[in-house]
Amino acid sequence: AYTALPAEMKQRIAGFEAVFNFAGRKRTVPITQAQIDAFPEVIHPVVRPHPITGCKCLYIMRNDCTGIVDLPDDEAQLLIAALADHIVRPEFIYRHQWHPGDLLLWDNCTVQHMAIQDYDLPLRRLMHRTTFAATQSA
């Protein structure tokens, strides 16, 4: 998605930092003050290089990203919306069609993922998650 951005947008967002706020996400159940306290705001670059390949990617998402450092809120919200809309264009989406025994791996450094309930009850999704960290060897 980053590669497909117009050059002007790449120049505009270079060096921008996004504010991510746990309380910004829309939920069906309100969160508690204890949860808000446990997960304070964090700042991440809008454009970040992959730690191994160096390829640039966008790190932004609707709701979790609540602002852009040093941008007025109205301008930041428009930019967040434009980038969030960009990253979900059909040409950037992979939707897996599940079959029994499938194993799916993705790189959290460059991929946003979302579970879609595309099955009828009483069927359930069974997921075993394994996370590992990799470092670049010299």
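The values are calculated or read from the model by the stated rules, or taken from the named source; none is laboratory data. Only a predicted model underlies this, so the values are computations on that prediction, with no experimental measurement involved. Because the Cβ atoms are built from the backbone with ideal geometry, glycine has one as well, and the counts that use them run over all protein chains shown. In case anyone asks, the SASA skips ligands and DNA or RNA and just uses the protein heavy atoms, side chains included. Shrake-Rupley method; radii C 1.70, N 1.55, O 1.52, S 1.80 Å.
Miscellaneous remarks
- Single residue of the stretch 7-29 satisfying the filter (aliphatic (A, V, I, L, M) and not in a loop (DSSP other than H, G, I, E, B)) that is farthest from MET114 (Cα to Cα): ALA7
- The stretch 50-85, subset touching a residue at least 60 places away in the same chain (Cβ under 8 Å) and over 18 Å from PHE20 (Cβ atoms), residue farthest from the chain's Cα centre (by Cα): ILE52
- Every condition in (1) closer than 22 Å to ARG89 by Cα; (2) out of contact with any strand residue (DSSP E or B) (no Cβ under 9 Å at 6 or more places or on another chain); (3) open to solvent by less than 60 Å² (accessible area, probe 1.4 Å) is met by ILE31 except one, and the failing one is (1).
- VAL47 being farther than 26 Å from ARG89 by Cβ, β-branched (Val, Ile, Thr) and under 14 Å from the mean Cα position of the chain (by Cα): no
- Checklist (1) in contact with a Lys or Arg (Cβ under 9 Å, 6 or more places away or on another chain); (2) outside any helix (DSSP H, G or I); (3) without any contact (Cβ under 8 Å) to a residue 40 or more places away in the chain applied to ALA4, failing item: (3)
- Applying the condition of being hydroxyl-bearing (Ser, Thr, Tyr) and out of contact with any His (no Cβ under 9 Å at 6 or more places or on another chain) to the stretch 44-77 and asking which residue is least open to solvent (accessible area, probe 1.4 Å) yields THR66.
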